[in-house]
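In what follows, a structure is listed as structure tokens, so that the remarks can point back to it.
Computed from the coordinates by the stated procedures, all read-outs in this text should not be read as laboratory data. Since the model is a prediction, treat every value here as computed from it, not as a measurement. Using ideal geometry, Cβ is built from the backbone for each residue, glycine included, and neighbour counts are taken over all protein chains shown.
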Amino acid sequence: MRRNAWIARLAWRDARAGGGRLFLFVSAIIAGVAALVAVRSFADALEGAVDRQAKTLLGADLEIYGREPFDAEALALFERVADGSGQSTVVGTDSMAYFPRSRRSRLVAVRAVGGGFPYYGELGTEPPAAGVEFSTHVADMTSPDDDRSRLPGDTGADIALVDHNLMLQFDAEVGDPIRLGEVEYEIVGRLQRIPGEVPNASLIGPRVFVPLASLARTQLLRPGSRSRFSRYFKLDSRPEEVAELVGVLETDLRRLRLEAESVQFRRQQLGRSLSDLYDFLHLGALAALLLGAVGVASSVHLYVQGKLESAAVLRCLGAGPRDPVMVFALQTTAVAAVAAVVGVLLGVAAQPLIAAAVRGFLPVEIEPQVSWMAMALGATTGAGVALLFSLLPLLELRKIAPLRAIRAGAGASRAIPRFDPARLAVVAAIVLGTTLAAVAQSDEVSVGIGITAALALVLALLAVTAVALRAAVRRWLASSWPFAWRQGLANLYRPGNQTLVVMLALGFGVFVIMTLYQTQLALRGRVQVMGSRGGANMLLFDVQVDQVDGLRRLFDEHGLPVLQHVPVVPMRLAAVAGRPVEEFGDEGIRPWVLRRQYNSTYRVELADTEEIISGEWIGSVSLEAVGEEAGGRRDGGGVTGAEQPVPISLEESIAERLHVEVGDELTFNVQGLHIVTRVASLREVDWEQMRPNFFVVFPAGVLEEAPQQNVMVTKTPSTEVSAAFQRDVVEKYSNVSILDLALVLNTVSSVLDQISLGVRAMASFTLLAGLAVLAVALMAARGQRLREAVLLRTLGASGRQIHRIGLAEYLLLGGLAAATGLLLALAGAWGLARFVFEVDLALALTPLLATLLAISALTVAVGFLTGRGALRRPPLETLRAVGRDL
């Protein structure tokens, strides 16, 4: 007990003289702890928000939806489900929104609402009363006996809530008109938030809410229109009970080709999506922490080198071999604890920054909160990792020779063996501790181990590069080089060099940020390639057969070519290999593949976006050739048994999902007519081109008389021509929707910019930790550099020459660290682009060069700041100061 008290008093006394320097050494851990606490607190706040706002994710307790209007059997099912509780109908479809005041238009996502939806949460509007006004108006236009709308035009004026970003884009104000199809609405408010929807989703498809009673008059719901019919229920049941109800209804839903979503299912979906976000945030936080820990190890090593004489004195006074280790370990532990507390406070303060960076991609409102668990876990993890990484250099004090106290240069009494059990135990503890920290942050063992392995690999590559650099400079340093450059380069391998630490600190920070940046460029490049390939930049769909000639005249009037004119026939699967789709259960085929609406086409030749990979392409047939039975039967019965089915071509991925190959049979229901088909070929489709592509292609001669719509593709030479053409189309053919590729590209680029901003904000923690390690490393070597400067000045070197030596060292050190980080970043970005996103890596030389120059300049600046004032003192005073430091 007395001995422990003596060690504690000795550690305190020594810390009063050098504790400030030791705290500077471990300050690199602060950024890592701050990142851990900020990320964990954010994750806890997000999970709490999801739990509290679970029902607002759906806006109801249950949603049942399909792609066709509900028939009598479906409505009867809804009445049984509701059992007197609230139910509402929402129909979603795409349409061109036309602003008469500016005479501009854009494709929007229309939501026609009937009943009391949403039951949970509120429509966020500006002014706030607009949401209440809209809901009241919808209720007034809804029949009191059920939630189905009254006949069109029954009551009230037509009002709409319009997406805030859309109104900003077209300079629209509350009170302005907006036209959807054949109906002109008055804008009564700006939509700012919709329960359960991600705010940034409006960038891709701006939302417009209108009363359901007015939808029929718009004439947007025509045969073949892409719409979603949803019925929402407010049930007096717990989410678990609603999920069980969905299981009970599965057979009826499959028969009616309907899907269901409960609150619990939506939460599970959101959880899977958020897991990727958590993994990324934890990766950035652990990278910053691990980098700080490496800085601690190097800094403590240098601190220990300056305390060797003190340890030798303790040995002379009777201290045991382990006592110096205990003294300085106690100092390190105390200062690491203080650094952890500071990091916790910074992490709590930084939590709102992370929430702000990703708020646009979350469907719930997050309020930053203090998470005591996150604070405790961050402080414990940070202090524990710092202590583990500091133990390795502290082991050097075990064998210090007492003789060193009276004779400079005396070393250990005996050499420490290479395979020292204590050292191996510490290394094992570091690996285990880092892995446990990663597992604790990610909550998954496999993810934690993967993160640790990935970070260790990058750090190992940086360490190997640093060692190789020192060896190369030592071997090939030429005596003919200028004096300042020789001295600066020699500092990269001389005793007290910081090559390894700086390479790890800066190289790792540059690696993280530039890997993410280059990956973003690759994704942006794919978007741009999608817009440039094929030449088309505008697509018109939902074109009815009787509108084709009129649209062709509009094309001619504006001098635009019709690059493609494709018929589209909606159909559904009736059977796979003679087995009705209703009989399929959990057999490896996802329900959406069986129940979805297949928008198919027919043609004689392959499109230039397709390639046959299996089977034979058949472009045309006659009904006489395949037999009358193959043409189908409109008898409402089961599958027809054709002797010669119609040959079709399937896209390879949908064939894989359906588990069919060339020669297998599929039966399609085309408006009640069952057509038996045979898979004659499989196609590989280039979905990135701006052309209509299809899962199923029929030969000519079969579907010409089927109900269908058309898709027309063109290319506009300028935004002015595009705007004028769209305006004329909307004014004359209000049901036709137009997809403007230039607008899509700008929108996607905007979303990528926002994602990139959030990514860089998180990666900045890593760079911040790297800069802290850099400052600490250079400060730790300050004594060594002062001694060299004094020696050079004593030998007659001028201040300018010493500055040049420092410039050469720091410039090369920062430049090589940045260059190594950039090379590793390019390799990492190539791996992500090639194997994860399946895109080509897009190199941007300007950002790479700018990063190289910026990091080099930053290293030089930090280096000179840490050594400032050394040349203003006389050599004798500096020698005395160096002696005191050492």
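Below is a table of values for the structure above.
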quantity	calculated
Cα gyration tensor, the range 208-261 - rounded (a/c under 1.5), prolate or oblate	oblate
Per-pair calculated FRET efficiency, R0 = 56 Å: ARG475 and ARG590 via Cβ, rounded to 0.05	0.40
In order through the range 241-256: 3J(HN,Hα) via Karplus (6.51 cos²θ - 1.76 cosθ + 1.60), integer Hz, x for Gly, Pro	5, 5, 4, 5, 4, 4, x, 5, 7, 4, 5, 5, 5, 5, 5, 8
Scaled radius of gyration (Cα, divided by 2.2 N^0.38 Å) that the range 163-271 gives	1.36
Length released on extending from THR794 to THR846, taking residue separation times 0.36 nm less the Cα-Cα span	14.3 nm
About the Cα centre, charge dipole magnitude for the range 100-143 (Lys/Arg +1, Asp/Glu -1 at Cβ), debye	480
Net lengthening on full extension, SER85/ALA577 (0.36 nm per residue, minus Cα-Cα)	172.9 nm
Residue-wise HN-Hα coupling along the range 572-580, computed from phi with Karplus coefficients 6.51, -1.76, 1.60 (Hz; x: Gly, Pro)	10, 6, 9, 7, 10, 6, x, 9, x
Rounded to whole Hz, the Karplus (6.51, -1.76, 1.60) HN-Hα couplings of the range 466-479, x for glycine and proline	5, 5, 5, 5, 4, 5, 5, 5, 5, 7, 10, 5, 8, 6
Most to least packed among 811-823, 697-709, 572-584 [average Cβ atoms within 10 Å]	811-823, 697-709, 572-584
Highest-first arrangement of 387-394, 373-380, where packing means the average Cβ count within 10 Å	387-394, 373-380
Prolate/oblate/rounded label for the range 43-100 (Cα gyration tensor, a/c 1.5)	oblate
Per-peptide average of other Cβ atoms within 10 Å, ordering 183-194, 239-250, 663-674 highest first	183-194, 663-674, 239-250
Rounded if a/c under 1.5, otherwise prolate or oblate - the range 661-739, Cα gyration tensor axes	oblate
